[in-house]
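Encoded as structure tokens, the structure appears first; notes follow it.
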Amino acid sequence: MSAPTYTLPFPRARRQRVETSRGMGLGESLATALEAIGANKLRSLLTALGIIIGVGAVIAMISLGQGASANVAQRLQGLGTNLIQITPGSQRGPGFVNVGAGTRQTLTEADAAAIQEQVAGISGVSPVISVNVQAVAAGSNWSTRAQGVYPVYQGIENWQPQAGTLFSDQDEQDGGQVAVIGQTVLDNLFGNGNTGSGNALDAIGQTIRLNKVPFTIVGVLASKSGDQDNTILVPFSTAHVRLSNLTYVGQIVVQASDVSQMDSVQAQMQTVLEQQHRITNGNDDFTIRNLNNIIQTAQSVTQTLTMLLAGVAAVSLVVGGIGIMNIMLVSVTERTHEIGIRTAIGAHRRDILSQFLIEAVVLSGAGGILGIVFGAAASVAVSHVAGWSTVIVPQAVLLAFGFAAMVGVFFGYYPARKASLLDPIEALRYE
Amino acid sequence: MSPATTDTSMPIVQVIDLHKDYHLGSNVVRALLGVSLTIMPGEFVAVMGPSGSGKSTFMHVLGCLDRPTSGEYLLEGISVKDLTHDELATVRNQKIGFVFQGFNLLPRMDALGNVMLPMMYAGVTRPEREERALAAIRAVGLEDWATHKPSELSGGQQQRVAIARALTNQPALILADEPTGELDTRTSIEIMAILQRLNNSGITIVMVTHERDIAAYCKRNILFRDGKVITDRLVEERRIALDDLAAIAQAREIVAV
Ligand SMILES: Nc1ncnc2c1ncn2[C@@H]1O[C@H](COP(=O)(O)OP(=O)(O)OP(=O)(O)O)[C@@H](O)[C@H]1O
Ligand SMILES: [Mg+2]
């Protein structure tokens, strides 16, 4: 008989309680969970797919939404800040459409002067005359719009010269026949019509004829975006005399010195203009618009859109979580016998709980990582194909991943707990 | 050699008036009807009896897998009744090695993995686990089959894996429910040789068997009927499995010549 290999392991001391603190490490639980996931690869992949799509959708949608917001913000930035616009005609509330609003001729340069004198808290006022003109220069023709404005308007609207200068107060006083042209006009008169084809330096000092009236180009405006570049700015006094024979102006633009002044400036202007126009019954023949509000509205619209898209995507994430729960429940039922064996040979509730919980979290975590990759790839692809700019927001990535992991814990907990509560003999009887 | 820690004066198992009822709807099945027994360290007990007499139920109670409906069970003087789910798990892990009738191995793991499992729950480090598992696998003579999955092993080999798994945490008590039930005579005797060797090393063994021949390798035979112990006697002419195996080998040689 061979020498005994086994000796009795523990002293025969009388203990009424059994020492239960002993550890199965996290590494062990993780290895067990990975082994179970690996044993059923296709099913694990399909389970994770719900999370992959959910996280990917959240990231792609937030990226696209943020891209759209950034686009809008960029466009709006060119408009200038704290602007208030006055146009002729009234527009007094919803449902009331004043026929011909904006075409009625009620605003004059005198109104602008009155505002300049009587309203406190403004940093600039300019009347604007818009005239459709046929521009001719360097042997080319271009149909565009000329705007007669005070020199201060160039600053109000955030225009910067890319070459030459803006026109001056002197030009305004003298009725100088000088013009500042936008990028689109430059491209069409001094280039081949493609964006950026015109050389700004070529244009400086050249003569441009607007409806046959000659002007000298003193500056070219730096490009903003879109249709704002299709313009020619000339001194108000010159436009008034040479291009338009009307005494009325198309609009008056006012810049408040501070955003906090907007409401007060708007109210004061209302009073001043009502006095100017001798209106006592409140039947205003002009409309005052706070452009900040318009900007805020546009921004909140894109923000809402982003939230909406993210919300829809989040729903798919929850659906993915329910998929995990479903599979984990099946898995617990399927492995009842295994749970019975593990419990019978000494697994504690915590061991079984962490095994299944870790399995669910690993599934959703791996799904989350893949989802981030797919979501980022999708946003990059969309920005290439559709020409949208997309912004991959790190917070959105963290949020989506964190949410995916939480989905794993949340939807994995119930099946895991169910597994851990099984009695060994009942679980073993289950085939 | 007798282990130094064995206190031979205290029973390892003491059951007093054990009852177990199963409720099936409105029916009550009385599986155990007042079993009282004392098993001392170093004993080797065969539990026998007709089908349905309560042998497996009794073993499950002894193995802390199931709780009795009433009665007292003291395992090494500890009243099992008072222990929690997790404390029972620790008792099963540390003090008892259970060899199931249907082996109950995890199909996805190889023999070594299965044998290491109880030590994982005991918090034994991986290198030590492997070392001890290999020792246990060697003790049951399966060293060439350590990396095979249960589905690649014969019934006798699976039974040996199950015994090795029961050994790894060095239990004081091994409980085996029909460890030779599905095996041929020769393999059954091989299993009994392993159990006899373990018993000689000081481990207390209680096993269920239907066969008188197998019960003859034990030291004490208990007969169950209808949930009660009706006979409890010591084996007079105890068989030694190693001798019988040698005899079988010799007989074969003669046939071969
Ligand atoms: N989970 C259960 N639910 C209800 N009745 C049960 C359950 N387990 C066992 N029984 C009943 O308890 C009695 C004893 O069963 P047990 O399994 O202990 O018998 P056994 O002696 O091991 O029989 P065998 O030799 O066939 O294995 C039987 O009448 C059986 O039907
Ligand atoms: Mg049985």
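Please compute the per residue accessible area over the protein assembly as shown with all protein chains in place, 1.4 Å probe, rounded to a whole number of Å². Mind showing how you got there, number by number?
Working: 31200 Å² over 688 residues.
With all protein chains present, the protein assembly as shown gives 45 Å² per residue.
When +1 charges are put on Lys and Arg Cβ atoms and -1 charges on Asp and Glu Cβ atoms, the dipole computed for the range A:170-246 relative to its Cα centre reaches about 200 debye. Once backbone amide H atoms are built at 1.01 Å from N, A:F286 has A:G89 as its partners under 5 Å, excluding neighbours fewer than 5 places away on the same chain.
Its convex hull of Cα atoms gives the range A:308-431 a direction-averaged projected area, equal to a quarter of the hull surface, of 8.5 nm².
Return the value, in Å² to the nearest 100, of accessible area buried between chains B and A (probe 1.4 Å, both sides summed).
Details: alone 13000 and 22860 Å², together 31200 Å².
Buried area between the two chains comes out at roughly 4700 Å².
Near A:Q162, the amide H atoms lying under 5 Å from its own belong to A:V220, A:L221, A:A222; only residues 5 or more places off or on other chains count, and H is placed 1.01 Å from N. Counting, for every residue in B:130-142, the Cβ atoms of other protein chains within 10 Å of its Cβ and taking the mean gives 1. Counting only protein heavy atoms, probe 1.4 Å: which residues of the range B:94-111 lose 20 Å² or more of accessible surface in the full assembly compared with their chain by itself? With the partner chains in place, the range B:94-111 has these residues losing at least 20 Å²: B:K95, B:F100, B:N104, B:L106, B:R108, B:M109.
Of the peptides A:360-371, B:211-222, the order by per-residue mean of other Cβ atoms within 10 Å, starting with the highest, comes out as A:360-371, B:211-222.
Considering every pair of different Cα atoms, what Kirkwood radius, in Å, is found for the range A:105-284? Don't skip to the answer; put the middle values down first.
On the way: mean 1/r = 0.0587 Å⁻¹.
Taking the inverse mean of 1/r over all distinct Cα pairs, the range A:105-284 comes out at 17.0 Å.
Ordered by packing density, taken as the mean number of other Cβ atoms within 10 Å over each peptide's residues, highest first, how do B:93-105, A:160-172, A:243-255 rank?
Working: B:93-105: 22.9, A:160-172: 16.5, A:243-255: 18.8.
Descending mean neighbour count gives B:93-105, A:243-255, A:160-172.
An ellipsoid equivalent to chain B, defined through the eigenvalues of its Cα gyration tensor, has semi-axes of 29, 23, 18 Å when rounded to whole angstrom and sorted largest first. Taken residue by residue and averaged, Cβ atoms of other chains lying within 10 Å of the Cβ of B:79-89 number 5.
P(r) tail for the range B:184-251, what percent of Cα pairs lie past 20 Å? Don't jump to the answer; show the numbers that get you there.
Values: 707 of 2278 pairs.
So the pairs more than 20 Å apart make up 31 percent of the total in the range B:184-251.
Taking every residue in A:400-407 and counting other chain Cβ atoms within 10 Å of its Cβ, the average works out to 0. Its Cα gyration tensor gives the range A:151-251 an equivalent ellipsoid; the semi-axes, largest first and in whole Å, are 22, 15, 13. To the nearest 10, the accessible area of B:W145 is 90 Å² with a 1.4 Å probe.
Amide H contacts for A:G124 (H built 1.01 Å from N in the peptide plane; partners 5 or more residues away or on another chain; cut-off under 5 Å): A:Q255.
If you roll a 1.4 Å probe over chain B with all protein chains in place, what percent of the accessible area is carbon or sulfur? Walk me through the numbers on the way to the answer.
On the way: 5430 of 10710 Å².
With neighbouring chains kept in place, the figure for chain B is 51 percent.
So, by mean Cβ neighbours within 10 angstrom, what's the order for A:63-76, A:178-191 with the highest one leading? Before the final figure, lay out each step's value.
Working: A:63-76: 18.4, A:178-191: 24.7.
Packing proxy ranking, top to bottom: A:178-191, A:63-76.
Of the DSSP H helices in chain A, those that are both long (alpha-carbon extent of 27 Å or more along the helix axis) and hydrophobic (Kyte-Doolittle mean at least -1.0) are A:41-77, A:291-334, A:349-385, A:394-420. When the accessible area of chain A is split by element with a 1.4 Å probe, what percent falls to carbon and sulfur? Answer for chain A is 58 percent, counting heavy atoms of protein chains only. Counting only Cα atoms, the size of chain A along its three principal axes is 125, 54, 39 Å, in decreasing order.
The values are calculated or read from the model by the stated rules, or taken from the named source; none is laboratory data. Just so we're clear, the structure is a prediction, and the values are computed from it rather than from any experiment. Note that we place each Cβ from the backbone using ideal geometry, even for glycine, and neighbour counts take in every protein chain shown. Accessible surface is based on the protein model in full, side chains and every heavy atom, while ligands, DNA and RNA are left aside. Shrake-Rupley method; radii C 1.70, N 1.55, O 1.52, S 1.80 Å.
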